[in-house]
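See below for the structure under consideration.
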Amino acid sequence: MARHALEARSLRRTFGGIAAVDDVQLAVPAGEFRAIIGPNGAGKTTLFNLLAGRIRVERGQIFFADRDITRLPAHARSRIGIGRTFQINNVFPHATVNENVQLALLAHHRRSWNMFSTADALFREETNEVVAMVGLDGQGERFASEISYGDRRRLELAIALACRPSLLLLDEPTCGMSVVERPALVELIQRIRRQRGMTVILIEHDMDLVFSASEAITVMHRGRVIAEGAPEAIARNVQVQEVYMGEGHGYA
Amino acid sequence: MNDRARDEELDRRDGLRLTPRVRTIALSLLCSAVLVALPAFAGAPIIVGTTDTMTLALFVLSLNLLVGYAGMISMGHAAFLATGGYVAGLVSKYLGVSMLVAMPAGVLAATLLALVIGFFSIRVTHAYFIMLTLAFGQLVYTIFWKWSSVTGGDDGLIGFAPPQLLEGNVAYYYFTLLVVGVCVFALYRLCRSPFGRMLAAIRDNPDRATSIGVNVRAMKLSAFVIAGLFAAVAGALEAFFHRGMFVNSAHVITSADALVILLLGGRRWFAGPIAGAILYKVLFITIPHFTVYWLFYLGLVILAVALFMPEGVAGVGQLLKRRLADGTPRA
Amino acid sequence: MIQLQIVSGLVSAAILFLVASGLTLIFGVCHILNLAHGAFFMLAGFLAFTIASRFADSAAGFWLALAFAPLALAALGALVEVALFRRLYRADILLQVLPTIAIVYLIGDAVRFFWGLEPLRVRTPAGLDAPIAIFGALFPAYYAVIIAVAAAVAGGIWWIVFRTDWGLLIRAIAQDRDMAAALGADVGRIFTSVFALGIWLAGVGGVLSSPIGGANLGTDMDIVVEAFAVVVVGGLGSVGGSAVAAILIGMLKGFGILVYPQFALAFVFALMALILVVRPTGLFGAKE
């Protein structure tokens, strides 16, 4: 049994000379709900992109359940159980909600290359299950481009969940949602996590949610990890406060 | 999205979704019946013209796998049509084998070519892809043209023919109908399969496709190769029908005309290439009756369609459908 | 002997740069892949023939052609942009490409109609066909003219793009057209002017190359394929990239003819394929 679901060692990635991610160490135990926070430009999304395989690692290594996945291509990472949602809504706009989920299921069940069956009828039941799980039942036949923004965030989640990940990377899942909608989504994530025993790493800016829901927090600033620990410890961390409030130039 | 927009979206996607409707099956049966019965009441020119239209339709259907489903606009597709035809002809002429061996040889050669060209081309998208496929296409054209000792260059490749059984127009017509029919059916099944769905997903949002575990590059390459394969079949059919193969089959204008046919017929519709091919053939036969400058008028047609009816025949169909439906009250 | 290859390579490079820079400008700013670019190039050659022969193939006639033909084509280009492409900017790529194909057909048949099917010879302007010595080998002085004009044009473009207000707008719109529009830029007018400039460049290339290659049907596709190679290697949208790539490819053609005269283009394709594997967006292209 691997100690950690995910481990990153000395990760580094630059863009045009600037280190977006600089010597980042991360170790997330299996089943944990970990939040990654930090001001804009801290490198959080870049870190996610590295973990998911969307961009290449310059230096360092990534381990998924003790397996070195540093060089594994992005699509293969999804196959081995890493799911991901995007900060900017990333669904298949010209497909219905059901079809969006069905696509993920087709990929998950290794049917993408099937050239002979008729796609329509496949995985109906499982699709309905996933759609119901995120609370979109009833919207199944509506096009992804015409459902409300909040529902599209749920669809985003559904697509990731359909692939039965053991590790879920959520990039600002509540981004753009109204304050009242957010707790419901986080509740949903928590419920599914407990049901399936998933490890969840999420990037969030809503501090209320972060501090109430997560078990551990990693704080990033300018590409580096500046603090890590339980929510209470992070809340009291002076360095973290400074980073968020600014260096206190004349605002004493 | 309001009702009207929703209907539009459904209409647009209906073609692409290809849900098995009684209408589709009935229409296909009707068309098949007409085609089978054609030689009984049509004269030689129509039989010849229909044979050509069928191979043309197959060629453009293969292209639509790339353009309509995978979203890759290839301007070098004629390379595979030509290679299929030329290699089949060459093998038959110089190795003396029958058409039944030569055709698969041509298709194989073109498929391998598609693998090579595809390998380089699918790494890039959109404008780069168009440029690259155009360039490769012209490269193939230049080879066929300049290598005149083998291919006959400007004069074309002649000296091969279908087996005696299929020498007559009617016999070859049925042969073409059979082969094209099988290919169309195969393509239809392919488009409705999970593979076809994935291609559309890749077109819609390649990033998302990757993140659900789809090897986008491998899929695109497969689509490219499969498209090349079917194009080659069309090319081989054409070569043996005309008992000759000419360089203009490899020219970019042939590739461009295929795209024009997609525009005319509507590329979001499986049968769009078929409708477009028929329309194109009609134009091709009628325009030269009153002018030598057929390309000029084709150009005008393209502009008119692109500006005013970009969904082509399919678009006209949707418009009519909605006009007729407008009378019925909504539930 | 190698000077022959170098100079003829530079001449190729000069022409390629003119055509490719126009293509890359139009794409970089207007986001249109102008497949008809070669057709304008070809038309320029035919126009040069007519204008020059009106003036008895004198030097004056040729310079008049160089001055006038590209401008006429630029005006035509502007017309096409306003009447046609203006409406298709938000359309998907197929609907942008097909009209350019239509223009290829229209121009092609127009050329057939006005000038017939036979290739036409354009005389090197009198006085410039005299040989001059470059690095010890003899070349028509005209070659030097081509290279000089191309270099001057390159300098002119650089100056326009980086030193004028127009250039500033062009760069802004190339980066983010909606933002620029929101800030008050007249995007439509800039698009038209850039499109016209691009066509003008193709026209200059067409006129300059006509004494060497003559005016032929079929040039439209030949030159566009080579221009594509330059643009792919240099990077779409980068004029500087076109310059570098034009020199690379011009030289490759020049030396390729030594090795494989029938098919020097094969080397160009090999280079293009190599670049695509290593750097899919070209040497100086923006990362998608």
Any idea how many residues of the range B:28-46 are farther than 20 Å from B:GLY168 by Cβ and either surrounded by fewer than 10 Cβ atoms within 10 Å (Cβ to Cβ) or not small (Gly, Ala, Ser) (or both)? 4
With the requirement that a residue be touching a helix residue (DSSP H, G or I) at 6+ places or on another chain (Cβ under 6 Å) and surrounded by fewer than 18 Cβ atoms within 10 Å (Cβ to Cβ), what does the range A:227-241 give you? A:PRO231
Counting only residues that are more than 8 Å from chain B (Cβ to nearest Cβ) and either surrounded by fewer than 24 Cβ atoms within 10 Å (Cβ to Cβ) or in contact with a strand residue (DSSP E or B) (Cβ under 7 Å, 6 or more places away or on another chain) (or both), which one in the range A:87-98 is nearest to B:ASN205 (Cα to Cα)? A:ASN89
Might you check whether a residue that is touching a Gly at 6+ places or on another chain (Cβ under 7 Å), away from chain A (no Cβ under 14 Å) and at pLDDT 90 or above occurs anywhere in the range B:206-228? yes
Answer yes if at least one residue in the range C:62-69 is exposed (fewer than 15 other Cβ atoms within 10 Å of the Cβ), of a type outside the set (Phe, Trp, Tyr) and closer than 27 Å to C:VAL187 by Cα, and no otherwise. no
Among the numbered conditions (1) out of contact with any Phe, Trp or Tyr (no Cβ under 8 Å at 6 or more places or on another chain); (2) hydroxyl-bearing (Ser, Thr, Tyr); (3) surrounded by fewer than 20 Cβ atoms within 10 Å (Cβ to Cβ), tell me where C:THR192 comes up short. (3)
Among the residues of the range A:108-118, write down those that are at the interface with chain B (Cβ under 7 Å from one of its Cβ atoms) and farther than 11 Å from B:PHE195 by Cβ. A:HIS108, A:THR118
So, in the range C:243-269, of the ones that are within 10 Å of chain B (Cβ to nearest Cβ) and over 18 Å from the mean Cα position of the chain (by Cα), which residue ends up surrounded by the most Cβ atoms within 10 Å (Cβ to Cβ)? C:PHE269
Can you confirm whether the range A:10-28 contains a residue that is among the acidic types (Asp, Glu) and over 27 Å from B:VAL216 (Cα atoms)? yes
Is it true that some residue in the range C:110-117 is under 14 Å from C:ALA215 (Cα atoms) and in a loop (DSSP other than H, G, I, E, B)? yes
What are the residues in the range C:121-130 that are of a type outside the set (Ser, Thr, Tyr) and either modelled with pLDDT under 80 or crowded, with 17+ Cβ neighbours inside 10 Å (or both), if any? C:VAL122, C:ARG123, C:PRO125, C:ALA126, C:GLY127, C:LEU128, C:ASP129, C:ALA130
Testing B:GLY244 on (1) closer than 25 Å to C:ILE101 by Cα; (2) of a type in the set (Gly, Ala, Ser); (3) buried (at least 18 other Cβ atoms within 10 Å of the Cβ), one condition comes back false. Which one is that? (1)
In the range C:32-47, which residue that is farther than 15 Å from C:GLU226 by Cα and in contact with a Phe, Trp or Tyr (Cβ under 7 Å, 6 or more places away or on another chain) is nearest to the other protein chains (Cβ to nearest Cβ)? C:ILE32
Among (1) closer than 26 Å to C:ILE93 by Cα; (2) touching a residue at least 40 places away in the same chain (Cβ under 8 Å); (3) within 13 Å of another protein chain (Cβ to nearest Cβ), B:VAL247 falls short only on (1)
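So that you can scan it fast, the table gives a plain yes or no per residue for (1) closer than 19 Å to A:ARG196 by Cβ; (2) more than 10 Å from every other protein chain (Cβ to nearest Cβ); (3) surrounded by fewer than 17 Cβ atoms within 10 Å (Cβ to Cβ):
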residue	(1), (2), (3)
A:LEU106	no, no, no
A:ARG124	no, yes, yes
A:GLN139	no, yes, no
A:GLU146	no, no, no
Residues in the range A:157-166 that are crowded, with 17+ Cβ neighbours inside 10 Å and farther than 12 Å from A:ASN98 by Cα total 6
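Would you confirm whether or not the range C:47-56 contains a residue that is touching a strand residue (DSSP E or B) at 6+ places or on another chain (Cβ under 8 Å) and in contact (Cβ under 8 Å) with a residue 24 or more places away in the chain? Reasoning before the result, please.
Let us first name the residues in the range C:47-56 that are touching a strand residue (DSSP E or B) at 6+ places or on another chain (Cβ under 8 Å), namely C:48-49.
Next, from what is left, pick out any that are in contact (Cβ under 8 Å) with a residue 24 or more places away in the chain: C:48-49.
Yes, there is a match, as at least one residue in the range C:47-56 is touching a strand residue (DSSP E or B) at 6+ places or on another chain (Cβ under 8 Å) and in contact (Cβ under 8 Å) with a residue 24 or more places away in the chain.
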Condition (residue is assigned to a strand (DSSP E or B) and more than 18 Å from C:VAL239 (Cβ to Cβ)) applied to the range C:139-146: is it met by at least one residue? yes
Output the qualifying pairs, or none if there are none: Cβ atoms under 8 angstrom, residues six or more apart or on different chains, first residue in the range B:177-195 and over 17 Å from B:PHE59 (Cβ atoms), second residue part of a helix (DSSP H, G or I) and among the charged types (D, E, K, R). B:ARG192/A:ASP120
On the given criteria, is C:ILE132 touching a residue at least 24 places away in the same chain (Cβ under 8 Å) and either of a type in the set (D, E, K, R) or not in a loop (DSSP other than H, G, I, E, B) (or both)? no
For C:LEU94, are the conditions met, namely being assigned to a helix (DSSP H, G or I) and either within 23 Å of C:ALA75 (Cα to Cα) or more than 14 Å from every other protein chain (Cβ to nearest Cβ) (or both)? no
Please tell me if B:TYR141 is buried (at least 23 other Cβ atoms within 10 Å of the Cβ), of a type outside the set (A, V, I, L, M, F, W, C), in contact with a Phe, Trp or Tyr (Cβ under 7 Å, 6 or more places away or on another chain) and modelled with pLDDT of 90 or more. no
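Each row is one residue, and each column tells you yes or no for (1) modelled with pLDDT of 90 or more; (2) more than 12 Å from chain C (Cβ to nearest Cβ); (3) surrounded by fewer than 24 Cβ atoms within 10 Å (Cβ to Cβ).
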{"residue": "B:LEU95", "(1), (2), (3)": "yes, yes, yes"}
{"residue": "B:ALA127", "(1), (2), (3)": "no, no, yes"}
{"residue": "B:SER148", "(1), (2), (3)": "no, no, yes"}
{"residue": "B:GLY156", "(1), (2), (3)": "no, yes, yes"}
{"residue": "B:GLY159", "(1), (2), (3)": "no, yes, yes"}
{"residue": "B:PRO163", "(1), (2), (3)": "no, yes, yes"}
Residue tally, condition among the aliphatic types (A, V, I, L, M), under 19 Å from A:LEU161 (Cα atoms) and either out of contact with any Cys (no Cβ under 8 Å at 6 or more places or on another chain) or surrounded by fewer than 24 Cβ atoms within 10 Å (Cβ to Cβ) (or both), over the range B:203-228: 2
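The values are calculated or read from the model by the stated rules, or taken from the named source; none is laboratory data. Quick caveat: nothing in here was measured; it's all calculated off a predicted structure. Please note: Cβ atoms are built from the backbone with ideal geometry, for glycine as well, and neighbour counts cover all protein chains shown.
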